[in-house]
Amino acid sequence: MDIQAYIRSGIIESYVLGLANSEEIAEVETLRLQYPEVEDAIMEFSVLIEEQAFENAVAPPPFVKSKIMAAIHEEDRHTISPVFSLSPNEEGNSVVHITFFRKWRILAAASTILAISSTALNFYLYNKYSRKNSAYQSLLTERNTLASSNQVYQTHLREWEVASRMMADTEMAMIKMPGVPGKPQHLATVFWHSQSKDVYIMPNKLPLPAAGKQYQLWALVNGKPVDAGMLDPSCNSICKMKNVPYAQAFAITLENAGGSATPTMTQLFVMGKV
Amino acid sequence: MLKQRQESAFSYLYDHYSGSLYSVILGIIPDREIASDILQDVFIKIWRQIETYDTTKGRLFTWMLNVARNASIDALRSKNYQQGQQNRELTENVYDAAGSTQTNTDKIGLRKIVHKLKDDYRVLIELSYFEGFTQDEISKMLRIPLGTVKTRLRTALIQLKQVIKP
């Protein structure tokens, strides 16, 4: 007999769920004694159904338990009394006696097995819960990351909107500051409003300053450098600087954080004439 | 003394299995009040018949599950229940389902899983497992040959197992 094909036929499942007819039941019960595989398959499906029922447990109303306990207590009083009667040789009494002890043995065994299997089940459910919970946590993190990067993009977009409005403004002078000789890859742009004299900087291509260093914008007024403000290191698009009423050129140097009174000429990065 | 310990062991048994057995009953009898009554009968039956449970023939839960299922199907078939259902349908038409103690069986445990199966399979498990019809009765009801009912039901059960398996 191909026992694997037998196991896969669905007979085991019908048997466990009580859907098999008497012939089939007899067959399964003979084969389970002969083939450990059949026994294993029965156990596997029984455990599966049991776990499934446990996972879907619905708490019954509390009064049901008290009714049941009262009913069995009542029943006990009637069945047990003959065991302790003074005529133990009567046939009926010994039957009750055996029944009583058998019941006790099974219940005791059931509770022990129960304690063990419920621990195992708790452990299984707890593991399942932990897995779900950590999956949920990582989804949550992912969501937060997405939300914050979305916010970053929105900020960028707003900044670029402001920048593009400025570029389109006919009152706005745009002064390109290319890299000084030896630093051709650098570039920054100054926007200077002809009426308000407000100055904005766009750090197009400037290397990330070292720790403790910060870029400083200078306006060259009649050959003298005048401080026009520090570049905020977080400035990614366009940022407002100090108001400059009059200038012939703009330049950026790298200074100690906080800025200097006079520019360090060896650290000149970009420069552009008005 | 022994009697007391026996009762406390049984109380322990109830605490652990009542929730899962109640959900099994609700899968067949959606009315929570009737299902509670059945649960009560089931545990009293378990108490009376625990000595007929054969540890070599399967797990305790499997045995209790079958006691619960049989009791639920008996209740489902009873005249009382069927009349009650008819009355309920009438009242529900008038009062809608608001405040009803009825649970939607499609959402309970195993039945919820059975609903994921293809209709041909679902119907067979519904009729045999949840409504307790014999394969012969199903064959007549659906006008399908008995052999087909048998093989299709077995395929359905295998599919069911695949769906439950984590």
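Points worth noting:
- Residues (of a type in the set (Asp, Glu) and within 9 Å of chain B (Cβ to nearest Cβ)) located in the stretch A:7-39: A:Glu13, A:Glu29
- Enumeration of residues in the stretch A:28-39 that are closer than 24 Å to B:Met64 by Cβ and open to solvent by 60 Å² or more (accessible area, probe 1.4 Å): A:Leu33
- Within the stretch B:1-25, considering residues that are under 13 Å from the mean Cα position of the chain (by Cα) and of a type in the set (S, T, N, Q), the one nearest to A:Glu55 (Cα to Cα): B:Ser20
- Of all residues in the stretch B:142-166 being more than 10 Å from chain A (Cβ to nearest Cβ) and outside any helix (DSSP H, G or I), the one that is least open to solvent (accessible area, probe 1.4 Å): B:Ile144
- B:Thr62 being facing chain A (nearest Cβ under 10 Å), more than 25 Å from A:Ala70 (Cβ to Cβ) and either modelled with pLDDT of 90 or more or surrounded by 19 or more Cβ atoms within 10 Å (Cβ to Cβ) (or both): yes
Table: residues versus (1) surrounded by 10 or more Cβ atoms within 10 Å (Cβ to Cβ); (2) closer than 26 Å to A:Val47 by Cα; (3) at pLDDT 80 or above.
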{"residue": "A:His97", "(1), (2), (3)": "yes, no, no"}
{"residue": "A:Ala109", "(1), (2), (3)": "yes, yes, no"}
{"residue": "A:Ala115", "(1), (2), (3)": "yes, yes, no"}
{"residue": "A:Tyr129", "(1), (2), (3)": "yes, yes, no"}
{"residue": "A:Arg143", "(1), (2), (3)": "yes, no, yes"}
{"residue": "A:Thr155", "(1), (2), (3)": "yes, no, yes"}
{"residue": "A:Ser164", "(1), (2), (3)": "yes, no, yes"}
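- Residues of the stretch A:11-29 satisfying the condition of being within 17 Å of B:Tyr121 (Cβ to Cβ) and of a type in the set (Asp, Glu): A:Glu13
- Enumeration of residues in the stretch A:145-181 that are closer than 15 Å to A:Leu206 by Cβ and small (Gly, Ala, Ser): A:Gly179
- Residues satisfying the stated conditions in the stretch B:127-141, i.e. among the hydrophobic types (A, V, I, L, M, F, W, C) and either within 10 Å of another protein chain (Cβ to nearest Cβ) or touching a residue at least 12 places away in the same chain (Cβ under 8 Å) (or both): B:Leu127, B:Phe130, B:Ile138, B:Met141
- Selected residue (criterion: farthest from the chain's Cα centre (by Cα)) from residues of the stretch B:26-41 that are more than 9 Å from chain A (Cβ to nearest Cβ), of a type in the set (A, V, I, L, M, F, W, C) and open to solvent by less than 20 Å² (accessible area, probe 1.4 Å): B:Ile38
- Verdict on A:Ser149 being among the hydroxyl-bearing types (Ser, Thr, Tyr), open to solvent by less than 50 Å² (accessible area, probe 1.4 Å) and not assigned by TED's automatic domain parsing to the domain that holds A:Glu255: yes
- Filter result for the condition that a residue is part of a helix (DSSP H, G or I), within 30 Å of B:Leu127 (Cα to Cα), within 7 Å of another protein chain (Cβ to nearest Cβ) and not aliphatic (A, V, I, L, M), over B:Ser18, B:Ser11: B:Ser18
- Taking every residue in the stretch B:142-165 that is modelled with pLDDT of 90 or more and pairing it with any residue that is open to solvent by 50 Å² or more (accessible area, probe 1.4 Å) and assigned to a helix (DSSP H, G or I), at least 6 positions away or on another chain, the pairs with Cβ-Cβ distances below 7 Å are B:Leu146/B:Asp136; B:Arg152/B:Asp120.
- Restricting attention to the stretch A:5-26 and to residues that are of a type in the set (S, T, N, Q) and under 42 Å from the mean Cα position of the chain (by Cα), the residue that is least open to solvent (accessible area, probe 1.4 Å) turns out to be A:Ser14.
Quick grid of which residues meet (1) more than 27 Å from A:Tyr153 (Cα to Cα); (2) out of contact with any helix residue (DSSP H, G or I) (no Cβ under 8 Å at 6 or more places or on another chain); (3) open to solvent by 50 Å² or more (accessible area, probe 1.4 Å); (4) not aromatic (Phe, Trp, Tyr):
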{"residue": "A:Ala228", "(1), (2), (3), (4)": "yes, yes, no, yes"}
{"residue": "A:Ser234", "(1), (2), (3), (4)": "no, yes, yes, yes"}
{"residue": "A:Lys240", "(1), (2), (3), (4)": "no, yes, yes, yes"}
{"residue": "A:Ala261", "(1), (2), (3), (4)": "yes, yes, yes, yes"}
{"residue": "A:Val274", "(1), (2), (3), (4)": "yes, yes, yes, yes"}
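- Qualifying residue in the stretch A:198-221 (condition: open to solvent by 60 Å² or more (accessible area, probe 1.4 Å), touching a residue at least 24 places away in the same chain (Cβ under 8 Å) and more than 26 Å from A:Thr155 (Cβ to Cβ)): no
The values are calculated or read from the model by the stated rules, or taken from the named source; none is laboratory data. Treat the numbers as computed from the prediction; the structure is a model and nothing was measured. Glycine gets a Cβ as well: all are built from the backbone with ideal geometry, and neighbour counts include every protein chain shown. Note: areas computed on protein heavy atoms with side chains; ligands, DNA, RNA excluded. Shrake-Rupley method; radii C 1.70, N 1.55, O 1.52, S 1.80 Å.
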